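Inspection log for the structure reproduced underneath, given as structure tokens.
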Amino acid sequence: MAASIREKQTVALKRMLNFNVPLVKSTAGEPVWKVLIYDRFGQDIISPLLSVKELRDMGVTLHLLLHSDRDAIPDVPAIYFVMPTEENVDRICQDLRTQLYESYYLNFISAISRSKLEDIASAALTANTVSHVSKVFDQYLNFITLEDDMFVLCNQNKELVCYRALNRPDITDTEMETIMDTIVDSLFCFFVTLGAVPIIRCPRGNAAEMVAVKLDKKLRENLRDARNSLFTGDNLGTGQFSFQRPLLVLVDRNIDLSTPLHHTWTYQALVHDVLDFHLNRVNLDESATVESSPSGARPKKKNKKSYDLTVADKFWQKHKGSPFPEVAESVQQELESYRSQEDEVKRLKTMMGLEGEDEGAISMLSDNTAKLTSAVSSLPELLEKKRLIDLHTNVATAVLEHIKARKLDVYFEYEEKLMSKSTLDKSLLDIISDPDAGTPEDKMRLFLIYYITSAQPPSETDLDQYRKALEDASCNLAPLNYIKQWKAFAKMAATPANYGTGATKSKGLLSRVMNTGSQFVMEGVKNLVLKQQNLPVTRVLDSLMEMKSNPETDDYRYFDPKMLRGNDSSIPRNKNPFQEAIVFVVGGGNYIEYQNLVDYIKTKQAKHILYGCTELFNAAQFVKQLSQLGQK
């Protein structure tokens with residue numbers, strides 16, 4: 001497959017760290033040592049893509065935050081990677097005045113305005129350091145890539161573009177303009193990095209349409225200025241989109257409010273839902289060790305452990321979209337296959353005189369004999385395998401504890417039935433009233449999905465009964481106030497989203513994982529088999545990508561920024577199905593929707609899709625936004 005957005009952004013970052021000179025393999029000698037200065041935005045863009053080791057290999061000896069206290073290092077070049085904000089520009093000017101570094105390579109994440117450039121120029125003149133400012137670049141990298149086929153716009157200041165900000169009843173036109181400009185600036189950066197001008201489709205009358213109009217205008221203006229266009233010359237024709245232009249489908253979060261609330265059953269989405277998972281890093285609380293502390297002593301503090309779930313982690317890449325019971329089984333299999341090799345590891349360690357776990361010593365061994373050589377080469381590989389097994393055992397165990405404690409399998413199954421209009425085997429009130437089933441938030445999520453997906457809202461008498469049960473379960477009812485208003489408004493506008501048919505089937509309890517020797521004792525947890533069905537966003541994409549006629553999408557607006565005269569027509573000029581598409585959700589996205597698109601595209605040969613959203617939230621964060629909107 002051609003270069004993914006992840007590769008393209010990584011290449012752009014590496015080029016920047018190489019003083020904006022493309023990396024050529026033949027000249028890769030000793031790197032030039034340098035300091036990297038970034039702000040929080042730059043840090044969030046770099047951290048999912050480049051590890052500390054990769055930065056070191058690129059010659060970065062220190063990486064520091066722009067606004068931290070930094071000492072002068074007069075004989076080293078500094079590469080800056082920051083947003084062109086007022087405070088950042090002031091701080092750069094201060095660095096120039098105090099002559100902290102030998103030379104300055106200023107890289108702005110988004111395009112810097114002329115007036116701010118002039119501020120930097122005058123600071124350099126006053127400090128007599130003009131010759132030290134080597135290069136100033138607009139990098140157009142203002143988005144965060146989390147997967148080969150997934151990106152989000154921002155992590156810092158995400159409350160500026162979140163669902164709540166877009167749907168506040170008291171929002172002013174100026175505030176809305178600012179939000180739209182922020183989103184469009186990032187999307188523009190995304191397409192510059194991708195090196196492609198998309199054809200844009202969007203529904204009418206919501207935030208997605210406002211983004212489409214502004215993005216079309218910004219792309220059009222850039223293409224019109226042929227000399228300075230970012231879409232000509234080197235940028236184009238190098239990526240996966242060189243033969244046919246991609247389709248950009250912009251949708252509003254309000255198209256589907258059930259999915260972000262849904263309890264999920266796949267590994268990556270579960271990790272995001274129940275654990276602290278953020279920019280591809282999961283933080284776990286290690287349970288406090290009680291037995292080792294003497295009686296009367298305070299239990300030891302919980303240790304926090306962080307794990308990076310990256311592209312390099314083959315187990316994660318293979319299983320992140322699998323149903324959780326399959327993941328538990330695979331971890332168990334990996335563990336067993338490792339144990340069979342563990343004796344071999346012990347034998348090799350003894351042979352090399354490495355009784356302890358001191359892995360650092362391995363690399364220092366000289367390879368005297370053929371035996372030692374093979375030992376040295378196979379041991380690091382086995383130790384890495386062991387590290388990944390430990391990582392996923394810990395993460396999966398933490399997820400399993402949540403599933404058991406909150407009966408998440410019951411919630412998942414019940415919500416799937418609600419969303420696919422299947423027959424329900426127990427009443428909603430029973431689950432809400434069951435003190436052992438889930439947290440107040442779980443109950444609220446379930447009830448909101450019931451309320452959103454029901455064709456007829458419950459009568460006032462029924463609603464009062466549900467309200468009382470929810471209050472007894474100590475639920476915060478503010479989200480319901482907002483969903484009631486939203487549903488009344490959506491009813492006037494259009495029909496509610498349809499989630500397809502056919503619910504999950506429940507297979508008997510897990511067979512293999514039930515062995516007593518297993519790490520994962522999944523008793524009491526149903527093994528649910530996922531039935532593939534397209535969520536609303538996937539169905540919209542399918543209609544537009546395959547050029548099908550569909551009442552849901554027939555009225556979608558059509559923009560082609562390459563057409564000289566932008567005439568607002570919703571008649572697509574392109575009659576062929578698209579090979580590449582980007583789905584972008586204005587108002588926030590989630591891993592359930594992403595996984596649904598990934599599963600959908602697997603059935604299509606040689607087609608690629610990317611999923612993007614203004615922010616990535618889990619259900620807890622979404623419920624919080626809904627309750628802020630519903631507070632009276």
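With the structure loaded, tell me whether E102 is surrounded by fewer than 16 Cβ atoms within 10 Å (Cβ to Cβ), touching a residue at least 12 places away in the same chain (Cβ under 8 Å), not in a loop (DSSP other than H, G, I, E, B) and not β-branched (V, I, T) or whether it fails that test.
Values: surrounded by fewer than 16 Cβ atoms within 10 Å (Cβ to Cβ): yes; touching a residue at least 12 places away in the same chain (Cβ under 8 Å): yes; not in a loop (DSSP other than H, G, I, E, B): yes; not β-branched (V, I, T): yes.
Criteria met by E102.
With the structure loaded, tell me whether L270 is at pLDDT 90 or above and part of a helix (DSSP H, G or I) or whether it fails that test.
Values: at pLDDT 90 or above: yes; part of a helix (DSSP H, G or I): yes.
In short, yes.
Does the range 185-199 contain at least one residue that is outside any loop (DSSP other than H, G, I, E, B), of a type in the set (S, T, N, Q) and open to solvent by 10 Å² or more (accessible area, probe 1.4 Å)?
yes
Is there any pair with a first residue in the range 547-559 that is assigned to a loop (DSSP other than H, G, I, E, B) and a second that is open to solvent by 90 Å² or more (accessible area, probe 1.4 Å) and at pLDDT 90 or above whose Cβ atoms are under 7 Å apart and which are 6 or more apart or on different chains, and what are they?
Correct list of pairs: D555/R204.
Tell me the residue from D425, D464 that is of a type in the set (D, E), open to solvent by 20 Å² or more (accessible area, probe 1.4 Å) and either touching a residue at least 12 places away in the same chain (Cβ under 8 Å) or not in a helix (DSSP H, G or I) (or both), please.
On the way: D464 fails: either touching a residue at least 12 places away in the same chain (Cβ under 8 Å) or not in a helix (DSSP H, G or I) (or both).
Answer to the selection: D425.
Here are the criteria: (1) open to solvent by 10 Å² or more (accessible area, probe 1.4 Å); (2) closer than 30 Å to L96 by Cα; (3) of a type in the set (S, T, Y). Tell me which single one T178 does not satisfy.
(2)
Only residues in the range 253-274 that are at negative phi and among the aromatic types (F, W, Y) count as the first member; pair them with residues that are in a loop (DSSP other than H, G, I, E, B) and open to solvent by 10 Å² or more (accessible area, probe 1.4 Å), Cβ under 6 angstrom, at least 6 apart or cross-chain, and list the lot.
From the range 253-274, the pairs are Y267/K320; Y267/S322.
In contact (Cβ under 8 Å) with a residue 40 or more places away in the chain, open to solvent by 60 Å² or more (accessible area, probe 1.4 Å) and not in a loop (DSSP other than H, G, I, E, B): is that true of E441 in this structure?
Spelling it out, E441 is indeed in contact (Cβ under 8 Å) with a residue 40 or more places away in the chain, open to solvent by 60 Å² or more (accessible area, probe 1.4 Å) and not in a loop (DSSP other than H, G, I, E, B).
Report, by residue number, each residue of the range 150-206 that is β-branched (V, I, T), within 25 Å of A620 (Cβ to Cβ) and in contact (Cβ under 8 Å) with a residue 12 or more places away in the chain.
Once the filter is applied, which keeps residues that are β-branched (V, I, T), within 25 Å of A620 (Cβ to Cβ) and in contact (Cβ under 8 Å) with a residue 12 or more places away in the chain, the range 150-206 yields V152, V161, I179, T182, I183.
Here is a check on your reading of the model: is K468 under 24 Å from I592 (Cβ atoms) and of a type in the set (K, R)?
no
Checking the conditions here, which among E334, E344, E359 is modelled with pLDDT under 65, open to solvent by 60 Å² or more (accessible area, probe 1.4 Å) and touching a helix residue (DSSP H, G or I) at 6+ places or on another chain (Cβ under 9 Å)? Spell out the reasoning first.
Numbers: E334 fails: modelled with pLDDT under 65; E344 fails: modelled with pLDDT under 65.
E359 is the lone residue from the list that is modelled with pLDDT under 65, open to solvent by 60 Å² or more (accessible area, probe 1.4 Å) and touching a helix residue (DSSP H, G or I) at 6+ places or on another chain (Cβ under 9 Å).
Regarding Q485, is this residue modelled with pLDDT of 65 or more and buried (at least 16 other Cβ atoms within 10 Å of the Cβ)? Walk me through it before giving the result.
Working: modelled with pLDDT of 65 or more: yes; buried (at least 16 other Cβ atoms within 10 Å of the Cβ): no.
Spelling it out, it is not the case that Q485 is modelled with pLDDT of 65 or more and buried (at least 16 other Cβ atoms within 10 Å of the Cβ).
Here are some residues: Q605, Q579. Which one is touching a strand residue (DSSP E or B) at 6+ places or on another chain (Cβ under 8 Å), at pLDDT below 95 and open to solvent by 10 Å² or more (accessible area, probe 1.4 Å)?
Being touching a strand residue (DSSP E or B) at 6+ places or on another chain (Cβ under 8 Å), at pLDDT below 95 and open to solvent by 10 Å² or more (accessible area, probe 1.4 Å) holds for just one of Q605, Q579, which is Q579.
When only residues in the range 467-482 that are within 14 Å of V623 (Cβ to Cβ) and open to solvent by less than 40 Å² (accessible area, probe 1.4 Å) count, which is farthest from the chain's Cα centre (by Cα)?
My answer is L470.
From the residues in the range 428-438 that are touching a helix residue (DSSP H, G or I) at 6+ places or on another chain (Cβ under 6 Å) and assigned to a loop (DSSP other than H, G, I, E, B), which one is surrounded by the most Cβ atoms within 10 Å (Cβ to Cβ)?
Among those residues, the one meeting the criterion is G438.
Taking only the range 124-164 into account, find how many residues are of a type in the set (G, A, S), outside any strand (DSSP E or B) and open to solvent by 50 Å² or more (accessible area, probe 1.4 Å). I'd like the intermediate steps shown before the answer.
Residues of the range 124-164 of a type in the set (G, A, S): 124, 127, 131, 134.
If we keep only those that are outside any strand (DSSP E or B) too, we end up with 124, 127, 131.
Next, only the ones that are open to solvent by 50 Å² or more (accessible area, probe 1.4 Å) stay: 131.
So the answer is 1.
Which one of the conditions (1) in contact with a Lys or Arg (Cβ under 9 Å, 6 or more places away or on another chain); (2) modelled with pLDDT under 95 does T145 fail to meet, given that it meets all the rest?
(2)
Select from the range 165-180 the residues that are of a type outside the set (V, I, T), more than 10 Å from M210 (Cα to Cα) and assigned to a helix (DSSP H, G or I) and list them in ascending order. Before you say what the answer is, go through the steps one by one.
Going residue by residue through the range 165-180, those that are of a type outside the set (V, I, T) are 165-170, 173, 175-177, 180.
In the following step, the residues that additionally are more than 10 Å from M210 (Cα to Cα) were identified as 165-170, 173, 175.
Selection gives A165, L166, N167, D173, E175.
Just for the range 217-232: of the residues that are in a helix (DSSP H, G or I) and surrounded by fewer than 24 Cβ atoms within 10 Å (Cβ to Cβ), which one is modelled with the lowest pLDDT?
Pass one, the range 217-232, residues in a helix (DSSP H, G or I): 217-224.
Add one more test, that the residue is surrounded by fewer than 24 Cβ atoms within 10 Å (Cβ to Cβ), and what stays is 217-218, 220-224.
Working: K217: 94, K218: 94, R220: 91, E221: 91, N222: 90, L223: 88, R224: 85.
Top of the filtered list is R224.
Regarding N88, is this residue assigned to a helix (DSSP H, G or I) and touching a residue at least 40 places away in the same chain (Cβ under 8 Å)?
Criteria met by N88.
If I ask for residues that are part of a strand (DSSP E or B) and basic (K, R), which ones from the range 32-55 would you list? Working first, answer last.
Within the range 32-55, the first condition is being part of a strand (DSSP E or B), and the residues that meet it are 34-38.
Matches in the range 32-55: K34 only.
The values are calculated or read from the model by the stated rules, or taken from the named source; none is laboratory data. Note that this is a predicted model, so its numbers are computed, not measured. With ideal geometry, Cβ positions are generated from the backbone for all residues, glycine too; neighbour counts draw on all protein chains shown. Calculation scope for accessible area: heavy atoms of the full protein, side chains included, ligands and nucleic acids excluded. Shrake-Rupley method; radii C 1.70, N 1.55, O 1.52, S 1.80 Å.
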